[in-house]
Structure formats: C-alpha cells, structure tokens
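Undergrad: Mind having a look at this structure? Questions to follow.
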Amino acid sequence: MATEPIYEELAGTCVDSHGGAIGMPQLCAEWMPNQIFWLVITLIVIYLILTRVALPRIAGILADRAGTITNDLAAAEDLKAKAAEAEKAYDKALADARAEAQRIAAETRAEIQADLDEAIAKADAEISEKAAESEKALAEIRAGAMDSVREVAKDTAASIIAAFGGTPDQSAIDKAVADQVKG
Amino acid sequence: MATETHGATETHAVDAAQGGGGLSFHPMDQFIVKPLFGGDTVTFITPTNVTFWMLLTVLAILGLLVLTTSKRSIVPGRGQSIAELAYGFIYKMVEDVSGKDGLKYFPYIMTLFMFIVVANFLGLIPGSFTTTSHIAVTAILAMAVFISVTVIGFVKNGAAFLGLFWVSSAPLPLRPILAIIEVISYFVRPVSHSIRLGGNMMAGHAVLKVFAGFAQVAAVAPLAILGVMAIYGLELLVAFIQAYVFTILTCVYLKDALHPSH
C-alpha cells in the first residue's frame with residue numbers, strides 16, 4: 001500500500017513529500033510545543049471567561065430563580081391560608097343560616113299546627129252540632145211520617161168501608177190502625 | 001481494485017488535500033498540524049489549525065455560556081437552558097463525587113469539561129481538526145489534573161495524604177504489596193486519563209475516514225455511507241461520554257486528594 005505507517009521516520013519529518021501524514025501525527029514531537037502553547041492559552045481564556053462572566057452569572061440566575069420560587073411558594077402558602085380562612089367563615093355562615101332557617105321553619109310549623117288544631121277543633125264542634133241538628137230533624141221527620149201514615153191509613157180505611165157501603169166506626173178504625181202500625 | 005491502488009500514488013497529493021480518496025486511505029491526514037498562514041515550520045507560537053479550532057472552541061463556549069445568559073431570564077429560553085444545564089450538571093457532579101469541599105475547584109473542572117466537550121463536538125464537523133484527538137493536548141490536561149490533585153492532596157492532608165496508598169482495611173502483611181500496587185496505579189492515572197480521551201477521539205475519526213474512503217468504490221458505497229452515518233452517530237455519543245468520563249475521573253481524583261482515607 002502507498003501509505004504504510006512508517007514509525008522509524010517519526011523522529012524525522014511528520015509529513016511526506018505529498019503532504020500526507022507519516023505514521024500518527026499525534027506522535028509528532030515537532031508539533032507538540034505549538035499545541036501545548038495554544039492549549040494553555042485557550043484554557044486560561046476559558047477559565048477567565050467562566051470565572052469572570054459565565055459562572056457568576058449563571059449562579060446568579062439560579063439563585064434568583066430559587067429566591068423567586070421560594071417567595072412564590074411563601075405567597076402561595078399565604079393565599080392558601082387565606083383561602084382556608086375564607087372557607088371556614090363561609091362554612092360558619094352557611095351553618096348559621098341553615099340553623100336559622102331550621103328554627104324559622106320549626107316555628108312556622110308550630111304556628112301552623114296550632115292554627116290547624118284550632119280549626120280542626122272548631123270544625124269538629126260545628127260538625128257535631130250540625131249532626132245533632134240533623135239527627136233531631138230526622139227524628140221529627142220520622143215522627144211526622146208515622147203520624148201521616150196513621151192519618152192516611154185511617155182515611156184509607158174509612159174510605160174503603162164507605163165504599164163497601166158501611167158506616168165507618170171512627171174509634172174502631174183508630175184502634176185497628178194503631179195496632180197495625182205499631183208492629 | 002488493483003488499478004485503483006496503482007493509480008493512488010499519482011493522485012496522492014490531490015487526495016491529501018481532500019483528506020483521503022481512491023482506495024489509498026489517509027485516515028491520519030486529518031490530524032496533521034498545519035500553519036494557518038502558509039509556511040512549513042511549526043514553531044512554538046505559529047498560529048496553526050490547532051490555534052484556529054481552539055479559538056472556535058473559546059467562541060463556542062462564549063456563545064453557549066455567556067451570550068445565551070445575557071438576558072438573565074427567570075424563565076429560561078432554549079440557549080439559557082443549555083447553559084444552566086451544563087452548569088448544574090458539572091456542579092452536581094463535583095458535589096456528588098468530590099463532596100462539598102470539592103466545590104471550591106468547580107470552576108477548574110468546569111473549564112476542563114467545557115473545553116473537552118466543545119472541542120469534541122467541533123471535531124465532528126466534517127473537515128474540522130479535532131484538538132482533543134492529540135495526545136499532546138490530552139496529556140497536558142491529564143497532567144494538569146494529576147499535578148494539581150497531588151499538590152492539593154499534600155497541602156490539605158500533609159503526610160496523611162500518603163494514607164491513600166496504605167490500605168488500612170487490608171491485613172497487615174498485605175499492606176506493603178497493596179501499597180506498591182496503589183502507587184503504580186496512582187502514577188498510571190494520568191496516562192490512562194489522557195490516552196482514553198485522545199485515543200477515543202483519534203480512533204473514531206480515523207474509522208470515519210476509512211469508511212468514507214470505501215464510499216468511493218461503487219459496489220460498497222451504500223454500505224460505506226451507512227457505516228459512516230452509524231459511526232458518526234456513535235461518535236456523537238463518544239464525544240459527550242469521553243468529556244463526561246474525563247470530568248468525572250477528575251472529580252474522583254479530587255475526592256481522593258481531599259479525603260485520602262479509604
């Protein structure tokens with residue numbers, strides 16, 4: 001092959017006549033001082049950039065954020081406590097209102113019950129009064145009806161006797177009717 | 001196949017410029033360090049493609065962490081979320097792994113992580129140069145971690161730091177042997193620490209180039225392109241995971257330095 005690594009030549013030039021690498025460029029001692037010089041410069045520059053600007057700034061940002069978060073958390077805690085308090089007050093108001101409503105409802109119910117009882121008693125009295133009256137009227141009517149029946153029976157009996165050509169004996173008719181109707 | 005390999009020599013210069021071609025693969029050419037403004041010599045301070053891609057890394061970090069957070073919003077946007085996520089990710093990692101007293105070193109670890117993760121991802125731009133694929137770079141990073149951690153260990157604990165190598169929970173006769181093993185493993189740390197990162201980046205990029213080279217043969221091109229896509233997806237994962245691994249190992253070493261007792 002054209003480019004076999006030739007380690008013997010390392011000490012000499014590191015690049016062949018065509019500009020290709022001879023062996024490992026990593027082992028070329030000729031270039032090392034240059035690399036080391038620039039590496040040291042680079043590291044110093046990076047170190048200065050980091051310590052002077054980047055790291056303090058990032059640390060500041062992170063600290064600010066941590067502070068903000070802590071403050072926000074504290075504020076949130078406060079608000080939460082306030083919310084809990086408000087909820088408690090609300091619950092208490094609700095319970096009070098409910099108790100009041102219950103009390104009013106019970107009072108009203110008692111009043112209504114009293115009125116109702118009174119009305120019922122009155123109605124009962126009226127009903128029994130009316131019932132007694134009706135009873136009386138009914139008895140009167142029943143008595144009246146008995147008299148009428150006797151009257152009609154007597155008249156009918158007298159008329160029937162007269163129709164058969166007899167002379168109606170008023171006292172006998174009365175007695176017979178009274179006997180019949182009684183049963 | 002044979003003719004293509006034969007003709008490879010002629011087209012080599014062109015191939016090299018394009019970063020590989022024909023069936024003569026140049027998977028390593030992507031790692032060549034070149035001066036930015038012409039010339040052949042790479043001296044200590046020559047601006048090279050290393051310089052360019054490291055500059056882009058710095059700019060990307062600026063954009064990612066500084067520009068996105070310029071509004072400092074309490075409710076973050078997309079960019080700011082990324083910056084905060086990166087910050088929180090590493091901060092928590094340092095805190096969890098190294099402990100509270102490790103947080104003092106958080107900016108250093110964040111520097112390492114941001115450099116590695118951004119350089120790794122920038123390296124996945126086709127045609128780019130991956131700074132973290134070079135052992136020179138990762139070795140410096142690993143040595144920096146190794147030396148600082150060792151120094152911190154001795155400064156914080158004095159001679160008690162050597163207790164790290166003296167496993168007091170082991171039976172007494174075993175302790176000297178364990179101490180030797182512990183010392184060896186301690187000094188191997190920077191080696192594995194650096195080669196793990198550099199090797200992973202280099203291998204992934206080289207494999208991508210090899211697959212891309214195969215794409216020039218019509219018969220296997222569809223397979224090769226699928227392969228490139230699959231490897232690219234894997235490399236996206238590796239780019240993050242290697243940065244993560246490097247950082248978490250740094251945290252582990254730091255923990256050892258701060259609390260050397262087993």
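Just so you know, all these numbers are worked out from the coordinates, no wet-lab data involved. For clarity, every value in this text was computed on a predicted model and none was experimentally measured. In this analysis, Cβ positions are derived from the backbone assuming ideal geometry, glycine residues included, and neighbour counts consider all displayed protein chains.
Undergrad: Out of B:His205, B:His26, B:His193, any idea which swings most in a Gaussian network model of chain B, alpha carbons joined below 10 Å?
TA: Of B:His205, B:His26, B:His193, the most mobile in the Gaussian network model is B:His26.
Undergrad: While we're here: Positive end of the dipole of chain B, charges at C-beta (+1 Lys, Arg; -1 Asp, Glu), about the Cα centre: which of B:Pro107, B:Val117, B:Pro27 has its Cα farthest in that direction?
TA: Sorting the options by dipole projection puts first B:Pro107.
Undergrad: Let me check against my output: what whole-number percent is the relative contact order of the range A:7-182, with C-alpha pairs under 8 Å and at least 6 apart? If you can, show how the numbers build up before the last one.
TA: Numbers: 34 pairs, mean separation 14.2, N = 176.
Over the range A:7-182, the number comes to 8 percent.
Undergrad: List the lysines whose Cα lies under 22 Å from the Cα of A:Lys80, skipping any in the same chain that are fewer than 8 positions away.
TA: Here the lysines satisfying the reach criterion relative to A:Lys80 are A:Lys88, A:Lys92.
Undergrad: Given the Cα-Cα distance of A:Ser148 and A:Tyr90 and 0.36 nm per residue of separation, how much length would full extension add, in nm?
TA: Numbers: separation 58, 0.36 × 58 = 20.88 nm, distance 8.33 nm.
Once the chain is fully extended between A:Ser148 and A:Tyr90, it gains 12.6 nm.
Undergrad: Grab the beta carbon distance between B:Thr41 and A:Asp78, set R0 = 56 Å, and tell me the FRET efficiency rounded to 0.05. Write down the numbers at each step before the final one.
TA: Numbers: r = 73 Å, r/R0 = 1.29.
It comes out at approximately 0.20.
Undergrad: Name the helices (complete DSSP H segments) of chain B with a Cα length along the long axis of 24 Å or more and a Kyte-Doolittle mean of at least 1.0, or state none.
TA: On the way: long enough: B:78-98 (29 Å, 0.10); B:135-157 (32 Å, 2.07); B:175-214 (54 Å, 0.88); B:221-258 (54 Å, 1.68).
Within chain B the helices that satisfy the rule are B:135-157, B:221-258.
Undergrad: Okay, next question. Anyone know which of B:Ala218, B:Ala142, B:Ala179 comes out most mobile in the 10 Å Cα GNM of chain B?
TA: Result: B:Ala218 has the largest fluctuation of those listed.
Undergrad: Another question about this same structure. Rounded to the nearest 20 Debye, what is the dipole magnitude of the protein assembly as shown about its Cα centre when Lys and Arg each give +1 and Asp and Glu each give -1 at the C-beta?
TA: Numbers: 31 positive and 43 negative charges, 474 e Å.
Around 2280 debye, computed over the protein assembly as shown.
Undergrad: When the helix-only estimate is applied to the protein assembly as shown (DSSP H runs of n ≥ 4, each -39,500 (n - 2.57), divided by the residue count), what is the mean residue ellipticity at 222 nm, nearest 500 deg cm²/dmol? Spell out each step's value before the answer.
TA: Numbers: 11 runs with 305 residues, N = 445.
Computed mean residue ellipticity for the protein assembly as shown: -24500 deg cm²/dmol.
Undergrad: Just the C-alpha atoms of the range B:49-258: what Rg/Rh do they give, with Rh taken as the Kirkwood radius? Each step should come with its number before you reach the end.
TA: Numbers: Rg = 20.5 Å, Rh = 19.3 Å.
Here Rg/Rh amounts to 1.06.
Undergrad: Hey, what did the range B:29-126 get for relative contact order, percent, Cα under 8 Å, at least 6 apart? Present the calculation step by step, with values, prior to reporting the outcome.
TA: Details: 55 pairs, mean separation 23.4, N = 98.
Reported as a whole number, the value is 24 percent.
Undergrad: Let me ask something additional. Given the Cα atoms of the range A:7-182, and with Rh set as the inverse mean 1/r over their pairs in the Kirkwood sense, what is Rg to Rh to two decimals? Write out the running numbers ahead of the final one.
TA: Details: Rg = 65.0 Å, Rh = 31.5 Å.
In the range A:7-182, Rg relative to Rh is 2.06.
Undergrad: Could you name the lysines whose alpha carbon sits less than 22 Å from that of B:Lys100, not counting residues in the same chain fewer than 8 places away?
TA: B:Lys92, B:Lys156, B:Lys255
Undergrad: Moving on to the next point. Toward the positive end of the charge dipole of chain A, about the Cα centre and with charges on Cβ (Lys, Arg +1; Asp, Glu -1), which of A:Trp31, A:Ala125, A:Ala172 goes farthest?
TA: Value: A:Trp31.
Undergrad: A further question on this structure: Just to be sure I understand the model, the point goes 7 Å from the Cα along the line to the Cβ. What's the resulting A:Leu62 to A:Ile120 distance in nm?
TA: That separation, rounded to one decimal, is 8.3 nm.
Undergrad: Within 10 Å, at most 15 other Cβ atoms, and a DSSP state outside H, G, I, E, B define an exposed site. Report the longest part of chain B free of exposed trypsin sites (Lys or Arg not before Pro).
TA: Working: sites that count: B:Lys71, B:Arg72.
The reported range is B:73-262.
Undergrad: Now for a different question. Give the long-range amide H neighbours of B:Thr69: residues separated by 5 or more places, or on another chain, with amide H under 5 Å away, using H modelled in the peptide plane at 1.01 Å from N.
TA: Counting only residues 5 or more places away or on other chains, the set is empty.
Undergrad: Over chain B, what is the relative contact order in whole percent, taking alpha-carbon pairs under 8 Å and six or more residues apart?
TA: On the way: 283 pairs, mean separation 67.3, N = 262.
Relative contact order of chain B: 26 percent.
Undergrad: For the protein assembly as shown, what are Rg and Dmax over the alpha carbons, in angstrom?
TA: Rg and Dmax of the protein assembly as shown, Cα atoms, are 56.1, 189 Å.
Undergrad: Still on this structure, please answer the following. Using the alpha-carbon atoms, what tilt in degrees (0 to 90, nearest 10) does helix A:32-49 show relative to the longest principal axis of chain A?
TA: The two axes meet at around 40 degrees.
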